[in-house]
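See structure below.
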Amino acid sequence: MTTNTTTVAPPGAPEGAPRAGRRPALRRDGRYASIFLAPSLGGLALFTLFPTAMALGISLFDWPVFGTRSFLGFGNYSHLLHDPVFRRVVLNTVLFVVLYVPLNVVVSLGLAVWLGPQIKGRQVFRVLFFIPVMTPMVANVMVWRLLFQPGGLIDGGLQSWFGIDAPNFLGSSNWAMPAIVAMSIWQGFGYNFLVFSAAIDQVPQSQLESAQIDGAGPLQRFRYITWPMITPSMFFATTMTLITSFQVFAQPFILTQGGPGVATQTIVMYVYNQGWQFLTMGLASAAGWVLFVIIMGITAIQFFGQKRWVNYDV
């Protein structure tokens, strides 16, 4: 004989409410989930949330590494607003973002469209284009520094072939930032290329073939079929690229050390210099929080604006 163990919801309980017999199981599952989440949540709290809160607190103090600390309130933030070097640093960072993000997206999207599913051997190109992303940043920057410096490969090639000298890419305030942007695009476009390539692979070929039969050209097929279907991937790629580009550090630090003068110094370099060269942790923390607010503000604008152009229904 079998016993019916089906539990019945208590009288008056709303429809769909969990039955009494399932509540202990749900509580047990919740405890197990908490145990598995504890290491990740602990790491998040210890290595992200706590340092972020500490940086906010330190930014309100005159906090030398050695010496007496004093409360300044928003004095460090006021100093940043009136510091011409910091204003130039912010403009340098914005210039890098404005140049790097569109070029990165255009290059990676163009290559992803060109190496579409109809291209044989495209996996080889995927690997080749992703190699700079996997290579350590310092190694990439050192190679490009050898290319850009006077007497390097570019300068030597121009002298041999055309008898002219190449510009001083790293020593000229007009050429230093474009040189950093060019190196950064080469190093970073492979990631977005894979994102766009994977998105294009999901576009139904039957729709593209039907549009081609109806007389739609390549641009029309891309605009009306491919583009709406890859907008979620485009939103992801542009958001992540914007966030990382505002945090650029290694390229200008190794290529130009922020020079000539402060022509290529970025916000993260300013934070580094204030914290580890001048040992003014309060000012460095304040600059870091300014960068955090800028990134959060731009990311929020992107999320609010995505409703107008990102299509999740196709």
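State whether the residues of the range 281-298 include one that is assigned by TED's automatic domain parsing to the domain that holds Ser172, surrounded by 12 or more Cβ atoms within 10 Å (Cβ to Cβ) and within 30 Å of Leu147 (Cβ to Cβ). Yes: one or more hits. Of the residues that sit in the range 163-194 and are open to solvent by 30 Å² or more (accessible area, probe 1.4 Å) and part of a helix (DSSP H, G or I), which one is farthest from Phe249 (Cα to Cα)? Step by step, filter the range 163-194, then rank; the result is Leu194. Would you confirm, using the coordinates I've provided, whether Gly215 is on the phi > 0 side of the Ramachandran plot and surrounded by fewer than 20 Cβ atoms within 10 Å (Cβ to Cβ)? So Gly215 passes the test.
Taking the range 126-152 as the range and being part of a helix (DSSP H, G or I), over 18 Å from the mean Cα position of the chain (by Cα) and free of Cβ contacts under 8 Å to residues at least 40 places away in the same chain as the test, the residues that pass are Val127, Leu128, Ala139, Val143, Leu146, Leu147. Do we have Gly57 as small (Gly, Ala, Ser), farther than 26 Å from Leu242 by Cα and outside any helix (DSSP H, G or I) here? Against the criterion (small (Gly, Ala, Ser), farther than 26 Å from Leu242 by Cα and outside any helix (DSSP H, G or I)), Gly57 does not qualify. Based on this model, can you work out whether Gly156 counts as farther than 21 Å from Gln251 by Cβ and surrounded by fewer than 17 Cβ atoms within 10 Å (Cβ to Cβ)? Yes: the conditions hold for Gly156. In the range 62-74, the count of residues that are part of a helix (DSSP H, G or I) and either open to solvent by 50 Å² or more (accessible area, probe 1.4 Å) or in contact (Cβ under 8 Å) with a residue 40 or more places away in the chain (or both) is zero.
Could you tell me whether any residue of the range 100-111 is assigned by TED's automatic domain parsing to the domain that holds Thr244, of a type in the set (Val, Ile, Thr) and open to solvent by 60 Å² or more (accessible area, probe 1.4 Å)?
Within the range 100-111, one or more residues are assigned by TED's automatic domain parsing to the domain that holds Thr244, of a type in the set (Val, Ile, Thr) and open to solvent by 60 Å² or more (accessible area, probe 1.4 Å).
Taking (1) over 30 Å from Leu60 (Cβ atoms); (2) in contact with a Lys or Arg (Cβ under 9 Å, 6 or more places away or on another chain); (3) part of a helix (DSSP H, G or I) in turn, Gly110 satisfies each apart from (2).
Total residues in the range 264-280 satisfying the condition of being among the hydrophobic types (A, V, I, L, M, F, W, C) and surrounded by fewer than 20 Cβ atoms within 10 Å (Cβ to Cβ): the figure is 3. Counting only residues that are in a helix (DSSP H, G or I) and closer than 26 Å to Arg308 by Cβ, the range 202-233 holds 19 of them.
The values are calculated or read from the model by the stated rules, or taken from the named source; none is laboratory data. Since this is a predicted model, take the numbers as computed values, not measurements. All Cβ positions, glycine included, derive from the backbone under ideal geometry; neighbour counts span all protein chains shown. The protein model used for the area step is the full one, side chains on, heavy atoms only, and it has no ligands, DNA or RNA in it. Shrake-Rupley method; radii C 1.70, N 1.55, O 1.52, S 1.80 Å.
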